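The values are calculated or read from the model by the stated rules, or taken from the named source; none is laboratory data. These numbers were taken from a predicted model, which means no experiment stands behind them. For neighbour counting, all protein chains shown are included, and Cβ atoms are generated from backbone atoms with ideal geometry for every residue, glycine included. Only protein heavy atoms, including side chains, enter the accessible area calculation; ligands, DNA and RNA are left aside. Shrake-Rupley method; radii C 1.70, N 1.55, O 1.52, S 1.80 Å.
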Amino acid sequence: MIKKDKQFRKFQMYGFLKNLRFFEPFLILFFLSSGLSYLQIGILYSIKSIATNILEIPTGVIADLYGRKKSMLFSMISYIISFLIFYFSRSFYLYILAMIFFSFGEAFRTGTHKAMIFQYLKINGMENLKVQYYGATRAASQLGSALNSLIAASIVFVSGNYRTVFFIAILPYILNLINLATYPNELDKAEVKKTKKQTLKDFIDAVASWRVLKILLNTSSYSAIFKSLKDYLQPILESFALSIPIFVWLDDKKRSSIVIGIVYFFLYLLTSYASKNSWKIGKKSSSFALNLTLFVGALSVIFAGVSYIFNFYIVSILIFIVLYILENLRRPIAVSYVGDNVESDALASVLSVESQATTLLTAVFSIVLGFFADKLGVGQAVSILGIILLLMSLFFKIKD
């Protein structure tokens, strides 16, 4: 039974506020409206991934050694700086700078907060509830994303532009700074203080195993594909919104904002439910669940691209929703599975390696996707990524 105490609510509040990124449902549309090509957008996504990749391991080690709470606070500050640059700038090169600050936020956050949750479970003797507990906190994150979609759509509808959402997104991140500052000090570090040499040794020992590396590649491959293409739902939704005879008296931006807000709202309600109940899927065999969802995800990506090629917008939208659900079914299972196969004191570092693999692959896939989207079209580019993921699903099968 999950202990829903004050700290559990703080974990939930963190995820809820973190996902109030009002720009997310409109990010690619923002870039396109700024005159960027799909390749330039892919370059921005790739820069973010590469910068995060470079920072992942050192920030994970720093979090384990010098304080996870400090790392989380620095993460929120980096995000806020990024939002300000996006809001005030008009240059592709300044967008690169904003992405780098965003990467600092990602690097200091990814893996660190999960390690704090697992540390809390260990202290309270609830390590057997990893999937349920993390799934429940992630569900709060997805509820935040659902609310985020409606607020973001309202902001775009009222303001008539995509830029305003970056400025308003600063508020929930300030609130999260306050929330994180109230975390107990016992979650700041591992129970036993270690030297830098010992922590690095634990980290190296953990990832030296081929089995652990295969697990990390299995969990990161789908997430990488998903992160590189998930925002391409936005131009599909825009095309769908402009193809149906509703709200025709409004301008295109306001018409699409209504459809995008509604679809993302229900999408994140579904992903919240998926996260909360992911433990049921992984209950019998986590490895089977990870292998199956990876294979199904690959086929779904292929069909999403094909349906868009033939202008079957509704089918493509529904498949994208499936992709979101699969990601949120996989993540709690994946995080718990990784946690069960490494030493807890090096967990933040190893989870950072998993994130590093994800961001490195995302960097490659984002460039590939942007290149083929400009050359062949969005649908063809998405299908190509699906074929790549299908091949990866065959190579990275894992066993208990």
Worksheet item: Say each of Asn161 and Phe88 gets a label point 7 Å from the Cα, pointing the same way as Cα to Cβ; how far apart are those two points in nm?
Response: 1.5 nm
Practice prompt. Work out, step by step, the length gained on full extension between Leu270 and Ile54: first 0.36 nm times the residue separation, then minus their alpha carbon distance; give nm to one decimal.
Written response: 74.4 nm
Worksheet entry | In degrees, nearest ten, helix 130-159 long axis to first principal axis of the chain (Cα) | 30 degrees
Worksheet entry | Whether the stretch 60-154 is rounded, prolate or oblate, judged on the alpha carbon gyration tensor where a/c under 1.5 counts as rounded | oblate
Worksheet item: Helix-derived [θ] at 222 nm for the chain: sum -39500 (n - 2.57) over DSSP H runs of at least 4, divide by residue count, nearest 500?
Response: -26500 deg cm²/dmol
Discussion item. Counting heavy atoms of the protein chains only and a 1.4 Å probe, report the per residue accessible area for the stretch 52-155 as a whole number of Å².
Written reply: 33 Å²
Fill in: Sulfur and carbon atoms: percent of accessible area, the chain [1.4 Å]
69 percent
Worksheet entry | In Hz, Karplus ³J(HN,Hα) per residue of the stretch 44-50 (6.51, -1.76, 1.60; θ = phi - 60°; x = Gly, Pro) | 4, 5, 5, 4, 4, 5, 5
Practice prompt. List, largest first, the extents of the alpha carbons of the chain along their principal axes, each in whole Å.
Written response: 63, 44, 40
Worksheet item: Mind checking the angle between helix 347-375 and the chain's longest principal axis? C-alpha axes, 0 to 90 degrees, to the nearest 10.
Response: 20 degrees
Fill in: Net lengthening on full extension, Trp249/Phe288 (0.36 nm per residue, minus Cα-Cα)
9.0 nm
Worksheet item: Under the classification rounded if a/c is under 1.5, otherwise prolate if a/b is larger than b/c and oblate if not, where does the stretch 100-167 fall, given a ≥ b ≥ c as square roots of the Cα gyration tensor eigenvalues?
Response: oblate
Practice prompt. Convert each backbone phi in the stretch 97-105 into a coupling constant with the Karplus relation 6.51 cos²θ - 1.76 cosθ + 1.60 (shift: θ = phi - 60°), then list the ³J(HN,Hα) values in order as whole Hz, x for Gly and Pro.
Written response: 4, 4, 5, 5, 5, 4, 5, 4, x
Item to complete: Of the listed pairs Lys10/Lys227; Lys130/Lys214; Lys130/Lys399; Lys122/Lys230, which have alpha-carbon separations greater than 29 Å here?
Response: Lys122/Lys230
Worksheet item: Taking only Cα atoms, what is the 0 to 90° angle, nearest 10, from helix 286-309's long axis to the longest principal axis of the chain?
Response: 10 degrees
Fill in: Normalised per residue, the volume of the convex hull around the Cα set of the stretch 1-110 (Å³)
125 Å³
